[in-house]
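Q: Have a look at this one.
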Amino acid sequence: MKIAVTGATGFIGRALCSELCKEHNVIALTRRPEKEADVFERKVDVIKWNAERMDGWEKSLEGTDAIVNLAGSNLASGRWSEKFKGDILSSRVNSARTLLEAVKKTKAKPRTFIIASATGFYGSRGDEELDEESAGGEGFLAEVCRKNESITEEFEELGIRTIVIRTGVVLDFSGGALPKMAMPFRFYLGGHWGGGRQWVSWISLADEISAIRFLIENDELEGVFNLTSPEPVRNRDFFEILAGRLKKPCLFAMPGFLLKLMFGQMADEVFLASQRVYPERLLAGGFKFKDSGLKETLETMNIGREE
């Protein structure tokens with residue numbers, strides 16, 4: 001298959017392209033191809049793209065079997081000022097809109113369009129068990145997810161199979177959130193966030209990539225899928241297990257008021273939010289998780305420089 005990936009140089013995008021290129025023709029759409037070409041194997045075609053407008057890159061979409069849109073600003077790369085929140089929203093909605101306009105111009109349209117969303121769709125829901133049928137929640141991230149996901153209706157009108165992936169915290173010591181979570185433990189300052197009872201819905205990077213590939217390759221599957229381990233854990237347990245893997249004590253708690261002082265709104269919606277999410281539709285579709293229990297998952301990961 002010919003598969004195009006936006007956000008291809010990100011934490012998930014790099015791993016996805018590396019996996020897909022083993023059997024498929026992969027096009028990596030990136031803003032800086034001259035700087036990012038060395039990130040990929042030679043099997044990956046690196047194309048310069050503009051998330052705001054078409055300037056020639058859209059020709060690469062002709063005859064694609066699938067498009068995976070992972071584009072979007074990193075939520076945790078800055079304090080949530082009104083400007084930054086606007087960038088978070090526009091980077092997702094605009095890239096999807098630009099892809100839609102590009103697809104409309106193709107003669108041979110893709111069979112599948114996958115768009116990245118997040119478990120933030122559900123908002124903070126305490127101990128409530130959430131699956132793909134659960135209603136959306138409240139808050140900035142929930143609104144971003146709703147607006148981002150709404151573009152799928154227009155892809156469906158073109159006769160394209162659409163899939164929304166609502167991903168939890170993706171874990172691997174090579175990048176993403178886990179090295180940042182592990183950092184305080186290196187200095188014996190690690191601990192849980194707030195009261196520690198909030199639920200963390202997570203997935204290993206390996207399962208994230210396998211699940212996306214599974215959805216691409218199984219044509220009968222469509223709609224919304226939660227990409228989370230079937231075994232979410234409470235925040236306190238998450239950090240105690242992480243501390244054990246790092247062979248460091250878990251002595252401290254970061255008070256909620258201090259997190260809010262440091263990070264503002266992001267603290268409420270990211271660090272202190274409780275999302276007990278289950279991948280019901282993914283399991284029903286036949287996907288088999290390699291990593292389901294957090295303790296066993298972390299034990300199999302190479303800590304690298306964090307050790």
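The values are calculated or read from the model by the stated rules, or taken from the named source; none is laboratory data. On a predicted model such as this, the values are computed, not experimentally measured, just so you know. Virtual Cβ from ideal backbone geometry, glycine too; neighbours counted across all protein chains shown. Ligands, DNA and RNA are stripped out before the accessible areas are found, and what is left, the full protein with its side chains, is counted by its heavy atoms. Shrake-Rupley method; radii C 1.70, N 1.55, O 1.52, S 1.80 Å.
Q: Under 19 Å from the 7 Å Cα→Cβ point of Ala135, by amide nitrogen: which residues of the stretch 264-307?
A: 274-278
Q: Lys/Arg Cβ at +1, Asp/Glu Cβ at -1, dipole of the chain taken about the Cα centre: which of Val224, Val93, Ala267 is farthest positive-ward?
A: Going by the charge dipole, the pick is Ala267.
Q: Using the Cα centre of the chain as the reference point, and only Cβ charges (+1 on K/R, -1 on D/E), how large is the resulting charge dipole? Debye, rounded to the nearest 20.
A: Computed charge dipole of the chain: roughly 1000 debye.
Q: Which of the residue pairs Lys147/Lys288; Lys48/Lys147; Lys85/Lys260; Lys247/Lys288; Lys22/Lys105; Lys248/Lys288 have a Cα-Cα distance greater than 20 Å in the structure shown?
A: Listed pairs above 20 Å: Lys147/Lys288; Lys48/Lys147; Lys247/Lys288; Lys22/Lys105; Lys248/Lys288.
Q: Here's a follow-up. How much length, in nm to one decimal, is gained on full extension between Glu23 and Met1, taken as 0.36 nm per residue of separation minus their Cα-Cα distance?
A: Between Glu23 and Met1, full extension yields an extra 7.1 nm.
Q: Now a separate question. In whole Å, how far is the Cα centre of the stretch 77-139 from that of the stretch 167-219?
A: Centre-to-centre (Cα) distance: 19 Å.
Q: Let me ask something additional. Probe radius 1.4 Å, ligands and nucleic acids ignored: give me the carbon and sulfur share of the accessible area of the stretch 236-307 as a rounded percent.
A: 55
Q: Using helices alone, what [θ] at 222 nm do you get for the chain, with -39,500 (n - 2.57) per DSSP H run of 4 or more residues, divided over all residues and rounded to the nearest 500?
A: Per the formula, -10000 deg cm²/dmol.
Q: Something else now. Just to confirm the number: angle between the C-alpha axis of helix 235-246 and the first principal axis of the chain, 0 to 90 degrees, nearest 10?
A: It is inclined by approximately 90 degrees.
Q: Show me 52-60, 264-272 ranked by packing, highest mean number of other Cβ atoms within 10 Å first.
A: The most tightly packed comes first, giving 264-272, 52-60.
Q: Right, another one. So how tilted is helix 11-20 from the main axis of the chain? Cα-based, degrees 0 to 90, rounded to 10.
A: 50
Q: On full extension of the chain, what length is gained from Lys147 through Asn50, given 0.36 nm per residue of separation minus the C-alpha to C-alpha distance?
A: 32.9 nm
Q: Could you check the spin-label model distance between Phe252 and Leu283? Points 7 Å from the Cα along Cα→Cβ, value in nm.
A: Roughly 3.7 nm, to one decimal.
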